[in-house]
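Enquirer: I have a structure I would like to understand better, so I am pasting it below and will then ask my questions one at a time.
Every number in this text was worked out from the coordinates using simple rules, so none of it is lab data. Predicted model only: the values in this text are computed from it and were never measured. Cβ atoms come from the backbone with ideal geometry, glycine included; neighbour counts cover every protein chain shown.
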Ligand code: SAH
Ligand code: SF4
Ligand code: F3S
């Protein structure tokens, strides 16, 4: 008999990708995915540990579910992802609602773990790093999921950079690159399922390096090979570290028309002093020079970034340096966070900046980012923009898609289909989105 499972994803795109794979694994052992919690036999939380708030949210959601389900038969509860890796068996002490703890590099064994738990009712924690085994299992997995127009494809996992604020090197382990062929096979499968845009994923995607005999494959080689798949129109990759960008990758933005001219390249801070304290191993000058090299390869390219505000040691001048670099690069679509102390990371015991100062700086920084975004949108009014259609919205006659630069665009059209590349004239904007109308193709007589 079919059983029902519910999965909730917290955190980054890597977790979204993993949750889809976990769903395929569950479906391979006769579980069907449910969009609600009602009468489910298994609940899976795929969790994030990046900031304290992310971790607290997971525990608070577990508390809510526990309350809701009090009078019913308890479903098997699986805690997967980065909290699982960071806290392991400690989780059983914090909440008695969790039955199985499974890390991001061993979730391919989940069907077996669920079966064992159902038989023995013994809590179980698996936080081994089994990347080769994991990807081998996933390569042979069938998927009955309907693909979206744009899909993620994990090519690399883990991180060797050890920025002093970050848990990722501990939760995801050392850098590991998947085999070139298995990535290309997955890209082909995606295109056969109607996918038109592939977003190559990794905690440090630009560190991708796979050695096969005497051949070494890098990210630029992957982009070249995926570009040969006719029905893939667009390629992106995320997230990159400034220190891993090689000349081949920079040049790819010049000659590879399917590679979108948009790059997420986190800098975290514009101050050399803070970058050093963060152990980022690059300076602001190096970063600005890198941006110039990308622009030389492709003058159209736009950049986005992540910023951490209030890192221990950040003085007003350091903050001003961050605002200065934002003005210089003109970032769009960026993310900013107040520094959060993470257990086990080198910066955890350093003197903290007062929360009020952090909040004030964050507000100023987000206002600047917002102003730049609006200016950028303003310039697009009346312009024709190429959009890859992703879906129909709930509003009659309205569709959603993205520009080359990842702008979210809502447009009116009588009939568009996910996967279409269409021209949209931009008519208005708000702080996050652009709005427009479909340009009809001219009929030649
Ligand atoms: N690999 C990527 C980012 C991974 S985490 C990179 O190197 O940039 C995503 C973002 O979360 C980071 O870019 C950083 O801005 C933020 N982040 C990570 N640890 C944090 C912490 N302790 N406090 C606040 N933000 C953090
Ligand atoms: Fe974290 Fe730094 Fe690695 Fe990015 S590069 S995942 S911020 S340690
Ligand atoms: Fe969070 Fe883990 Fe991603 S900590 S940001 S889910 S790599």
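Enquirer: Neighbour counts of other C-beta atoms within 10 Å: give me 239, 283 arranged from fewest to most.
Expert: Least crowded to most crowded, the residues run 283, 239.
Enquirer: Same structure again: Beyond 30 Å, how much of the Cα-Cα pair distribution for the chain remains, as a whole percent?
Expert: 50
Enquirer: Another question about this same structure. Give me the Å³ per residue figure for the convex hull around the C-alpha atoms of region 133-378.
Expert: So the per-residue Cα hull volume is 148 Å³.
Enquirer: Once you order the gyration tensor axes a ≥ b ≥ c over the Cα atoms, which shape class does region 182-307 get: rounded for a/c under 1.5, otherwise prolate or oblate by comparing a/b with b/c?
Expert: prolate
Enquirer: Also: Considering Cα pairs under 8 angstrom that are at least six residues apart, work out the relative contact order of the chain and quote it in whole percent.
Expert: Across the chain, relative contact order equals 10 percent.
Enquirer: Okay, moving on. For residue 115 and residue 430, what does the FRET efficiency come to when R0 = 56 Å and r is the distance between their Cβ atoms, rounded to the nearest 0.05?
Expert: Calculated value: 0.70.
Enquirer: Neighbour counts of other C-beta atoms within 10 Å: give me 278, 363 arranged from fewest to most.
Expert: Listed from fewest to most nearby Cβ atoms, that is 363, 278.
Enquirer: As a footprinting exposure proxy, order 302, 64, 8 by other Cβ within 10 Å, with the fewest listed first.
Expert: Fewest-to-most Cβ neighbours within 10 Å comes out as 64, 8, 302.
Enquirer: Moving on to the next point. Output the peptides 321-332, 385-396 sorted from most to least packed, where packing is the average of other Cβ atoms within 10 Å over each peptide's residues.
Expert: Result, highest mean Cβ count within 10 Å first: 321-332, 385-396.
Enquirer: Would you mind computing, in nm to one decimal, how far apart the modelled labels at residue 39 and residue 216 are, each placed 7 Å from Cα along Cα→Cβ?
Expert: Here the answer is 5.8 nm between the modelled labels.
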